[in-house]
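The values are calculated or read from the model by the stated rules, or taken from the named source; none is laboratory data. Bear in mind that the values here come from a model prediction, so they are computed numbers and not experimental data. Note that we place each Cβ from the backbone using ideal geometry, even for glycine, and neighbour counts take in every protein chain shown. All accessible areas refer to the heavy atoms of the entire protein, side chains included, with ligands and DNA or RNA removed. Shrake-Rupley method; radii C 1.70, N 1.55, O 1.52, S 1.80 Å.
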Amino acid sequence: MDTLYIAMTGAKALLQRQDVVANNLANVNTNGFRAEIAESRALPVYGSGAGLPTRVYTATTDDSWDFQSGPIVHTGRPLDVAINGKGWIAVQGPDGKEAYTRDGNLQVNGQGILETATGHAVLGINGTPISLPPMTGLTIGSNGTISGVPEGNQPNGLLAINQIKLVNPPEKDLQKGTDGLFRTSDGKPAPEDPAVDLEGGALEGSNVNPIHSMIQMLQDSRQFEMQTKLIQSIDQDRNSANQILVLS
């Protein structure tokens, strides 16, 4: 494998990592955001014959994410919910299939559908979007039960209307889409998990550490500069060697 190409793989990996860190920083204020982790590894390069590898090149690994919980901020808003510990809120993705989010900033749209702030319908335990009648005193319990007083009822006529589907599939089985939602790798809906606990009147913030991310960007910029100089040096050495061969 060409030495110049090997050096270029390192520079490419650094550029990809910078893109990931920049995207994480852009979502530092996104509720429930999970930071992406850019990882790469060194792979040996073997010659045509048997023996030890002569050099290594850089290869990026599959996408992975930091599943640590973000900070919980208490808002006092009845439709704000945060998940304590592990778990996900089931929503309907743009493709109509089940997906998962940690963004608990919920609202009721003009058609009475409970949805996230980004417009994804929240699913009930039956796997369909939750539709709510006009009501007052709306509350969401720790197990996702939605209660309220339907219009026209007495103030003490609190009724359980529906229940949010809460799941907790293995993190290794989750993949993040371009829409910011997570899905199971096999595309099948995850089963409901009654152990998932919601905290009402609160929101989970992003788990991105802005200071760490800024330091990472500076380090990557310096390493990319060094890698670029290395590429230029290899190219100059190659040109010099070619000139010597021509003269000889």
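Things to note:
- Amide H contacts under 5 Å for A117: N105, restricted to partners 5 or more places along the chain or on a different chain, H placed in the peptide plane at 1.01 Å from N.
- With all protein chains kept in place, the per residue accessible area of region 71-210 amounts to 47 square angstrom at a probe of 1.4 angstrom.
- Rounded FRET efficiency, nearest 0.05, which uses the C-beta distance separating I37 from A160 and R0 of 45 Å: 0.65
- In this structure, the amide hydrogen of I125, modeled 1.01 Å from its nitrogen in the peptide plane, lies closer than 5 angstrom to those of Q163, K165, counting only residues at least 5 positions away or on a different chain.
- Interchain or long-range residues, amide H under 5 Å from I72's placed H: G205
- FRET efficiency, 1/(1 + (r/R0)^6) with R0 45 Å, evaluated for K188 and Q236 via beta carbons: 0.25
- In region 77-216, Cα pairs under 8 Å separated by at least six residues give a relative contact order of 30 percent.
- Signed unit charges on C-beta, dipole axis of region 119-216, positive-most listed residue A195, G177, L158: G177
- A 1.4 Å probe over all protein chains sorts F67, F33 by accessible area into F67, F33, starting with the largest.
- 3J(HN,Hα) couplings calculated from phi for region 67-84 with the Karplus curve 6.51 cos²θ - 1.76 cosθ + 1.60 (θ = phi - 60°) are, in sequence order, 9, 5, 5, x, x, 9, 10, 7, 10, x, 7, x, 8, 8, 9, 10, 8, 7 Hz; Gly and Pro show x.
- Loop-located GluC sites (Glu not before Pro) in region 134-228, at most 15 other Cβ atoms within 10 Å (DSSP): E151
- The string of couplings for region 109-121 from the Karplus curve (6.51, -1.76, 1.60, θ = phi - 60°) is 7, x, 9, x, 8, 6, 9, 7, 5, 8, x, 8, 5 Hz, one whole number per residue in order, with x for Gly and Pro.
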